[in-house]
Structure formats: structure tokens, C-alpha cells
Amino acid sequence: MWDWQNASPLTGLNFVAMVVGAVVVLAIGLGVVTYTIYAERKVIGWMQGRIGPNRVGPFGLLQSIADIVKLLIKEDVVPERADRVLFLLAPVIAFIPSFMVLAVIPFSARHPFTANLAVGALYYIALSAITIHGVMLGGWASNNKYALIGGMRSAAQMLSYEVPLGLSLVGVILMAGSLNLNDIVEAQARSGWWYIVPQFLGFCVFLVAATAELNRTPFDLPEAESELVAGYHVEYTGFRFAFFMLTEYLYLFAMGGLMATLFLGGWTGPWLPGWLWFAIKVFAFIFFQFWLRATMPRIRVDQLMSFSWKVLLPLALLNLVVTAVLKAFLS
Amino acid sequence: MSEEERKAETTAPQAPSAASAANRAAGAGESGAKAEAKPAAAKAQAAKAAPPDPRVEAAKAVAEQIKQVLVREFGEAAVEETGVAHRTPMVRVRKQDWPKAVEFLRTHPDWKLNYAECMAGTDYPDYIEIVLYVQSTELGHFVCLKTRTDRDPAEVPSLVASHPGLNWEEREIYDLLGVRFTGHPDLRRIMMWEGFKGHPLRKDYREWD
Amino acid sequence: MAQTEETLERLGVPADKLEHHRLRLDDDPDVRTEEMLLNVGPQHPSTHGVFRLLVKIRGETILDAEPVIGYLHRGTEKLAEDLQYTQIIPYTDRLDYLAAMLNNYALCHTVEEALGLEIPERAEYLRVIVMELQRIASHLLFIGTYLLDLGAMSPFLYVFQERERIVQMFNKICGARLTYNYMRIGGVKWDAPPGWLDEVRAFVPFMKERIKMYDDLITGNEIFLNRTRGIGQYDTETALKYGLSGINLRCTGFAWDLRRKKPYSIYDRFEFDIPVGTRGDCFDRYYLHLLEMQQSLRIVEQALDQIPDSGPVLGKVPKLIRVPKGEYYSGIEGARGELGFYIVSDGKDKPYRLKIRKPSFVNLQLLPELLRGQNIANLIAILGAVDIVLGEVDA
Amino acid sequence: MLGLAWTPPMIAFLVISLLILVCAIMAISFRKVIYMALAIGGVFLGCAAVYILLGAEFVGAAQILIYAGAITILIMFAIMLTNHEAEEPPAAWSVRNIAAAVGCVLLGVTLYAVIRSQSWPHGAAGADVNQGQSNPVAVGLALFQHYTVPFELVSLLLIVALVGAVILAQERKEDE
């Protein structure tokens, strides 16, 4: 085996290997998204005392696939008075970073398709900020008031919550002494405890901020169907709409991976293989999101903002200071 | 209300009503009124000529009282008719005095008819009648106030100033009966679309003209 | 959604027809405002029907709002003028289609009042039972849709489970699940099938359990409280001025329930309370729905204990019902407020004029007042709490 | 050829540079403000790519986070929330524009001359500028060991700016 991770990325064979790796990760991502959607419908169905999809395939297992096929063959409608170029571009801008962030998530101990990036955590935060452009431009380009308000809300919300989200990571980074996600997992394995224990406050902030960042209940204001009909993607149809949905669920998966990596020891765990541990931890996060969705009403937009700036941010800062002080004294 | 009373009254338009506000207004105890109603109704069955129902009589008395009050304030011509609508005291007010009279009764310490329950317009062959059922939440009076307007031009002063809740009712009457409420802040069609011709609740309305 | 005026222009509607709306943008070219007109509806998931709310917003603050109704107008009042009294009953089903039993009753009650009819004992009890069950079903749906408006999906699906039981019972008693056409002038159409009353009896404790569950699930939720406490507040005086009725009036702390204030049917035989609110905000309106369901269960329980085992369910009613000449108005406590029928009869078998006092229609008028100055997210919370059914608003 | 070493990094650099230039030109030549903002985002992203190519991935990620992410979003916010003409008037040759063009050319020439006249440290490939530490660690150590006082001063300045902005925003709210 060549050590392609540390080789210069721009030599011939490694370039091919990277492309193959990207395709594999994309396939994994798509598979996970397909069955996350299926699981969401099943789990929420179960929580709401109904059955959920059960018609397409055994137990409805092919439902999501049928939905995707349906979306792909639908007409691609561009509203007459929309800004055509941006309207077509927005889903792409939104989708690309969501796929790119998967590059740094360490799926397992032997991570052939994970970039061993020294600034992994920062890379994640940085790229997920790009998606906001897609959401915002999509809302703006639709020339629809609901979409515009949805896009604006979305951008404001994601920007506001990126701050506490980023700060909540800093505690973990301080403890591990690295921004590299692989190093963070290994540091947890060495220290003997998952960072959810020493970084519990940071974990709480992360969980709330991540939920908001993912635009999920109770922070699903950008696509509040009862107010904004569907928010920024109200005018989108067919596969462009599918791209937005795909983006959302890829982020759900990626955010779960980030949480598992930073707070739950990543792929580490006894008995089971690493990738399974990782999958279990990610699905715990995803299940938690489903659970929230089935339980919570939606928070109001002004409450959302003040919650971010007045509650989460001070908590994240407190966590940061405490961690720094403890680290300085203990080492 | 017991069952035997119901049996006593089958034909005459004097079914056992809810505690009619009119009774209370007239000071007639409810039970007393019922007790009298029984033989009265029984007789009504025997001889077609119905003797006066005490509740109707009480309502008439209340209507007279209201008339007194209104006449004292607005002059003899203000009240055109008093009577009874089923068992509710009815006072018909002259069109010009309509909002003033309603507002006067709304604030009058003896009446306080502050809660407009139902407003309706009816198209009769020669006139259009506006009916307003008002309730006093404090004193328990329940009164039917009326006014009349010509059919063409149909115009009645608006009551929105004293009862903002009648805004839409008046718009609906304007829309469906074509009564123009002068002084209404926002008199537009409400049920039919803008550009609709005619007023469908008028008896002479024909769809395919 | 393009701006209304633009849309109309594009559709070739002449400029003078734009008078249609009260709201317009400040078109002073020197003042660059950020105002925009937003059409909420007529097809919008939170308007609970075909209802349009034209709101003028600056940023997310509502400057003014104008409800536009009439999309569902079927001219029930006009239609009734050509129908015999019994034939009108199915039309009332379609008014407030969530509380058809109450509508049935309101019409029958007015005609019975006019005729002075005798209603058999058992029919009265059956009426009260179905009406109170209907009230519960209607309130349940309010709670479900209101929580759905606020973004919580599950209660909406939960309420349908209980509502389904009620609807099944209605199906057994009258063969319909939504438009019952059950009441007749002088009684009810069918007696309860065997075992039906036991089914209702079994439903009562189940429903009590579920009300407790909703109380636990929703009432204490921090987000829910934040979104409804102090939102859409008004006082009794305003409510009375605007002619509000039902929970919209009682939430201000004013105990006005026609079942008590002007007892009709046999409501004077039951013990029940009139729950009232304290602040007149959206939370009170939500909570009163829960409390009223409890009171309705109490009434159902008592009615089940008192109902005679057998007897006729339809009184002696002439084949052709002719209401004596005159005017009649009577209102009942509907699920949404005072539901009244005003009938002018010229002595024929058809009403000369029928006017429906529609609680939703009257209650909706306060909406622009409540919305002014609010955040657009509160729009949905306030509109939902007014609890309108468009079938009734538009009649 | 052209005196360049045609290594993959060089090819990548040339491609990225071309992209940056195209984006930059688009940014100033688009007629719609929103497109300009998007093109600027492209420039920022390209710069980040150059940083990463140079092995400074921390700076690259920070560039994406702050410039391509936050700053561009703020620009778009400003554009979307304010009224503006959708179409800018077409460019015309005026004295001012010509003067600006001349100034730009002069600036470019000067910069080029300055850069060429400098002798740049020509570290051999794989030179260990970080003393064996990863990039962020090296940046952190440099900031807190050698440049502590300037760093703190900059932080102070930023906090003052933040507080000032809050106060300004507050005052405007009271005016309304």
C-alpha cells in the first residue's frame, strides 16, 4: 500500500486514487442519505402512531429510491421572472460543500478515503459556510417573497449559529491539541474518555448549534412550512429540489460524523469494528434529530437569534475559558 | 325546563325558550312566566284564538320602555314601531337616528346593549330591513333593533363606530343586498368578487340578466 | 409570489380595479421603503382553507393586514330560500364542517323554537351527547392544527386518533363521518344502535387520559409557551365590541357561554363549569380548548347517566313544516362561538330569509387589529388561535 | 518552456490564478450587483486555494471561513436588504474612468517591479518552516510567543470596533 495520504496529492496515481475515493464517499453519502430519509419517515411514523412508508419494496425499503427517481424525471421548472443563472446555480453551490466536508470525516480507523487534513475541524466549519450562499441565492433568485424571507432567515440563522458551533469545538481542540480530526479521535482514545464527559457543556452547545445549523426542528424556520410554505426552495422542482434535500441530509450525516468524532470518540469502541461504532454514533445523533422533530414546536425567529447570541455564545465562551484554564493548570 | 311544559305547547309559536332576556327585563320571574304559559298554551290548543302569551306581552312592555327612552332622547319621530320578534322586544328606529340610537342604548345605564350578536338584512318588496340583535352582557337584556330603508337607493348610516364588530356584517349586507352604509370605513364587497354585478340576496336578483 | 398589483397588471386587470384592496404600498418614489405586500394564501398551509391574508410587512414586522375571504362562498343563505326547512339541514353540515352536529342543531333549534315543538326526551339526550362529542372532536382538531402551525407535527396525528373514535361513533349513529345530517326538526333521525351508548361510555375515560397526555405534552413546553404567552392579547372590552364569542371571548376572563347564559336544549340539567382565561392571549385560547373538552366529557357522562333507556327520538312533526309568519333568532354555543340562525318566515314551507350568525366570520374581524406591529412568525400563531373554519366564514 | 517548471503544483497554480483573474474581472464587469458579490466570493475561494497550494492550509481554511463565507454573505445581505437598481448604467469613457485606468496600469507595473526586484527566500522543497509542528500549532505558537503584544492589541482594537458598531446600531434604533 502506498502512503497516499502523505504523498503529494498532485501526482498521477494518487490523483486517480483520490478521484476513486471521492466517488466511493459520494456513493456512501448517497446511500446514507437515501436510508436516512427512509429511517426518518419510519421513525417519525412510529412516534406518531402511524406506519410510515411500506409499499415500495419490502417494508417500503425502496421508497426513497422511488422518490429520487420521481424527482429526477420531473420537469425542471424555472419560474418566469426568476434570475435564471443564479436559480440554476444555487443548488450546485449549496450541494458541493456538503459533499466536500465528508472528505475530512474519519469513518474508521483505517480511513482510506478520508483526508488527513491538519485543519480538519476548521475545514468543516469553513466549507459549511459556503452552503449558505446557495441557500440564500436560491431564495433570492426565485423571485418569490416566501423564498426570499426563507433564504434570508436561513442565512441569518446559519451565520449566527456558526459562531457558537465553532466555539464549542474549540474546547475539544484545546484538549486534543490538534485541529486534525484523526488526531482528535486518537487523543480521546489515549486519554481514556470520550470528550463528551470533560466537554459536556461544549457538547450541549454543539448539539443545539448543530441542530440550528442543520435547520432542523425546533430551528427549522427557514423552511417553516406553516409560515413560509417551504422557505427558500419553494420554487424548486425536480432534481434541483432534490439537490437541496440531498444537501440537507448530507449535512445531517456529516454533522453526526463530526459529533461522533469530536465528542464520542469517533470510530473507537470495544469489540465491534470501527466503522460500525462510527455508524452507531452517527445514527444516535440522527435519531436524536428525528426525535426532536417529532416532539418540538418551532421556535420564533427573534427568539432564535437572541438564543444564539445571548445564551449559546456566552456558554460556549465560558466553556472555552474553563477548558483553557484547566488545561493550563493541569499540564 | 321540564318535559311536561313542552307537551303543553306544541302548536303556538311559543316554544319553551331559553331564559328569555325579555322576561328578566320585565321583572317577570322565569318560573312564574312558565307557570302561566302552561294553561295559556293549553287553551291555545283548545281554541284557535291564542290568548296573549305572557312572555310576548313582557317583551312588548320592554319594547315600549325602550321606545320611551329613545323618544325622550331623539323625539317622537325617532321610533317608528315597537313590537315583538318572536319573543324578543323589537323596536324599529328611524333610519336617520339609527347609529345614534344604537350608540345611545349601548351606553345607556339602564340598558347597556353592548354586545351585538347578529345583524341581518332582509329584502322585502317595498323596503329593505336591517335587523340587529343586541345583548346586554351586564343586565341581560336581549333586544331586536330594526331600521328600514328604501330599496333604491338603499342607504343606511353605518354602525361601525359604536360596534366595530359589525364592520364585516355591514360589508356582507352591502355585498349581498346592496345597502350602502354611509360612514362605513371600508365598504367593499366581501363575499363576491370585485366586478360582480348585482346583489344576490335581493329577491329580484336574476343570475342571467 | 409577485406583488399583488404587479400580478394584476400582468394579468391585464385595469388599474381602476385595483381599488379592490385597501392595502397598498407607499409608492412615493423618493422614499425607498422596504415595505412589501405579502399574500398569505389563498393556498397556504396555515390558512386552514381557502383564505387570503394580504399583509404589508417591513422586514418581518407586519404593518397592516387585510383578510380577503369569499373563496368558499356558496351562498348558503340564498340557497336556503328555495329549500324546505328539512332540506336545509344538509347544507348546514357544510358550514363549519368540523362541527356539523352543532350546525344541524342550531338550525333545528331555531325552527323548533319557532314552531314550539316538543322534543322527545331521548332525542334531547342523544343530541346533547353527539353535540358534546362533536365539540370535543372539533377542539381536538384545533389543538392538532394549532400545534402544526407552530411547527410541531406529532399532536396533529395524535388528535386524529381520538377524533377517529368519535367519527366512528358518529358513523355508527348516522352513517356519515363528516357531514352527518343527523338532526331533524323535532328530534334526531335515528336512535342510537345497540351498544352505542356503551361505546361512548368507554370513550369518556379514554379521552380523559388523552387530555391529560396533551396537557403533559404541550402545555408545559417552553417553546410553545414562548410562542403563545402574551401573543395576540386583547381585553374583554375589545372582544365585546368586536362581537367575539366562544373561546375567543372567554379567553379574556369573561364567562359567556350560551349553554349557561341562555340555556337551550337540556343543558340546564347538567353540571359543568365555564372555563375562562386570564390574559386573553393565544395560550389561553389553546388551554381553554383543553379545559372545555374536559367539561364536555362531564356533560357526556351525566347525559349517559340520565338518558332514558328507550322512547321515541322524533317528535310529532307535520310532514310539511310551515313556520308561522314572523322573525326568529336563536343562537347556540357552537364550537367556535355563538352560532345563530335568523329566520324570517312568511308562513310558507321555505324561509323567506335565512341568515346565519357565523362565529368564525365575526371572530376573524379582530385579526388585523391583533396582527399590527407583530412579527410575521406571530401571524401564524395568532391566526391559528382565532380558530376559523373557512366553510363557515364564507358560508 | 516559458522558463517554468511544469510540475503539477505549477499547473494547479496557473489554473487557479487564471480562475482568480477571471473572477476578478467578472466582479468588476458584471452589471448586476449580486453577481459581483458572487464573483468576489470566487476570488476569495481562489486565494484560499493558493494558500493551500502553498502548504498554508490553516490560512486557507480561515480565508474560506471568513472571506468566502462570512464577508461574502454580509455583502449579499447588504445587497438584498437594500433597494438598488437592478441594472447599473453602462460604462462610458470619461476623463475620470480613463484616469482610473491609467492609475491601475501604473499600480500594476509598480507592483510587478517591486515583486521582481525582491529576492524571495527560496526554500528547498520540503523545507521545515514549522519546526516539525503542524501548521495551526506553528501559527498558534508564533502568535502567542513572538507576537503576543501585537496580537492582544489587535484583539483590543477589534473589540473596540465591535462595541462601537453595537453602540452605533443601538442609537439608530432609538432614532426610528
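The values are calculated or read from the model by the stated rules, or taken from the named source; none is laboratory data. Just so it is clear, the model here is predicted, and its values are computed rather than measured. For neighbour counting, all protein chains shown are included, and Cβ atoms are generated from backbone atoms with ideal geometry for every residue, glycine included. Surface accessibility is based on the protein's heavy atoms, side chains included, excluding ligands, DNA and RNA. Shrake-Rupley method; radii C 1.70, N 1.55, O 1.52, S 1.80 Å.
Taking all protein chains as shown and a probe of 1.4 angstrom, A:Lys74 keeps an accessible surface of around 100 Å². In chain C, the C-alpha radius of gyration followed by the widest Cα-Cα span (Dmax) gives 22.1, 78 angstrom.
Using the Cβ-Cβ distance between D:Met10 and A:Leu30 with R0 set to 30 Å, the FRET efficiency works out to roughly 0.30.
Binning all Cα-Cα separations of chain A at 20 Å, short to long from zero, yields these whole-percent fractions: 30, 59, 11, 0. The alpha carbon centroids of the range C:127-181 and the range B:134-209 are separated by 35 Å.
With the convex hull drawn around the C-alpha atoms of the range D:1-86, the volume per residue stands at 74 Å³.
Taking Cα centre as origin and charging only the Cβ of basic (Lys, Arg, +1) and acidic (Asp, Glu, -1) residues, the dipole magnitude of chain A rounds to 520 debye.
Under a 5 Å amide H cut-off, with hydrogens placed 1.01 Å from N, B:Glu81 pairs with B:Arg92 among residues at least 5 apart or on other chains. Taking a straight Cα-Cα cut-off under 22 Å and skipping sequence neighbours fewer than 8 places away in the same chain, the lysines within cross-link reach of D:Lys32 are A:Lys145. When all alpha-carbon pairs of the range C:98-256 are counted, what percent fall beyond 28 Å? Considering the range C:98-256, 34 percent of its Cα-Cα pairs are separated by more than 28 Å. Per-residue Karplus couplings for the range D:103-118, computed as 6.51 cos²θ - 1.76 cosθ + 1.60 with θ equal to phi - 60°, are listed in order as x, 5, 4, 4, 4, x, 4, 4, 4, 4, 4, 4, 5, 5, 6, 6 Hz, Gly and Pro entered as x. Note: the range D:134-176, Cα convex hull, 55 Å³ per residue.
Across peptide D:57-63, the average count of Cβ atoms from other chains found within 10 Å of a residue's Cβ is 5. Association of chains B and C removes close to 4800 square angstrom of accessible area from solvent, both sides included, for a probe radius of 1.4 Å. For the range A:203-331, the Kirkwood hydrodynamic radius comes to 16.7 Å, computed from all pairs of different C-alpha atoms. When its C-alpha radius of gyration is set against 2.2 N^0.38 Å (N residues), the range B:91-160 gives a value of 1.12.
Nearest 5 is fine: what % of DSSP beta bridges in the protein assembly as shown come out antiparallel, could you say? Antiparallel: roughly 90 percent of the beta bridges in the protein assembly as shown. Taking amide H as placed 1.01 Å from N in the peptide plane, B:Glu117 has its amide H under 5 Å from the amide H of B:Tyr133, B:Val134, B:Gln135, each at least 5 places away in sequence or on another chain. Taking the average, over residues, of other Cβ atoms within 10 Å as the packing measure, peptides B:138-145, B:125-132 rank B:138-145, B:125-132 from highest down. Beyond 61 Å, the tail of the calculated P(r) for the protein assembly as shown holds 25 percent of the Cα pairs.
For the peptide A:115-128, the mean number of other protein chain Cβ atoms found within 10 angstrom of a residue's Cβ is 5. Put simply, when A:300-312, A:196-208, B:159-171 are sorted by average Cβ atoms within 10 angstrom per residue, most first, you get B:159-171, A:196-208, A:300-312. Overall, the ratio between the Cα radius of gyration of the range A:134-238 and 2.2 N^0.38 Å, rounded to two decimals, is 1.37. Span-like helix check, chain A: qualifying full DSSP H segments, with Cα axial length of 30 Å or more and mean Kyte-Doolittle of -0.5 or more, are A:12-47, A:120-141, A:145-176, A:238-263, A:274-295. What you get for the range C:76-394, charging only the Cβ of Lys and Arg (+1) and of Asp and Glu (-1), is a dipole of about 560 debye around the Cα centre.
How much of the pair distance distribution for the range B:54-182 lies past 17 Å, counting alpha-carbon pairs only, in percent? So the pairs more than 17 Å apart make up 54 percent of the total in the range B:54-182.
Angle of helix C:282-306 to the longest C-alpha principal axis of chain C, folded into 0 to 90 degrees and rounded to 10: 10°.
Put simply, the amide H of C:Gly277, placed in the peptide plane, has neighbours under 5 Å in C:Cys251, C:Thr252, C:Gly253, C:Phe254, leaving out anything fewer than 5 places away on its chain. Straight-line cross-link reach from B:Lys67 at under 28 Å between alpha-carbon atoms covers these lysines, not counting any fewer than eight positions away in the same chain: B:Lys34, B:Lys95, B:Lys100, B:Lys112, B:Lys146, C:Lys241, C:Lys261, C:Lys262, C:Lys325, C:Lys355.
Mean per-residue shielding of peptide C:351-358 is 5, counting Cβ atoms of other chains within 10 Å of each Cβ.
Straight-line reach from A:Lys42: taking Cα to Cα under 30 Å and skipping same-chain neighbours fewer than 8 places apart, the lysines in range are A:Lys70, A:Lys74, A:Lys281, C:Lys208, C:Lys212.
Shown in residue order for the range C:155-164 are the 3J(HN,Hα) couplings computed by the Karplus curve 6.51 cos²θ - 1.76 cosθ + 1.60 at θ = phi - 60°: x, 4, 7, 5, 4, 5, 5, 6, 4, 4 Hz (x for Gly and Pro). Accessible surface ranking for D:Trp93, A:Trp267, D:Trp6, 1.4 angstrom probe, highest first: D:Trp93, D:Trp6, A:Trp267.
Scalar couplings 3J(HN,Hα) for the range C:86-102, obtained by applying the Karplus form with A = 6.51, B = -1.76, C = 1.60 to θ = phi - 60°, are 5, 6, 6, 3, x, 5, 5, 3, 8, 6, 8, 6, 8, 9, 5, 4, 5 Hz; x denotes Gly and Pro.
Only Cα sites of the range A:50-165 enter the Debye sum here, all with the same form factor; the resulting log10 I(q)/I(0) across q = 0.11, 0.14, 0.15, 0.21 1/Å is -0.58, -0.86, -0.93, -1.06, listed in q order.
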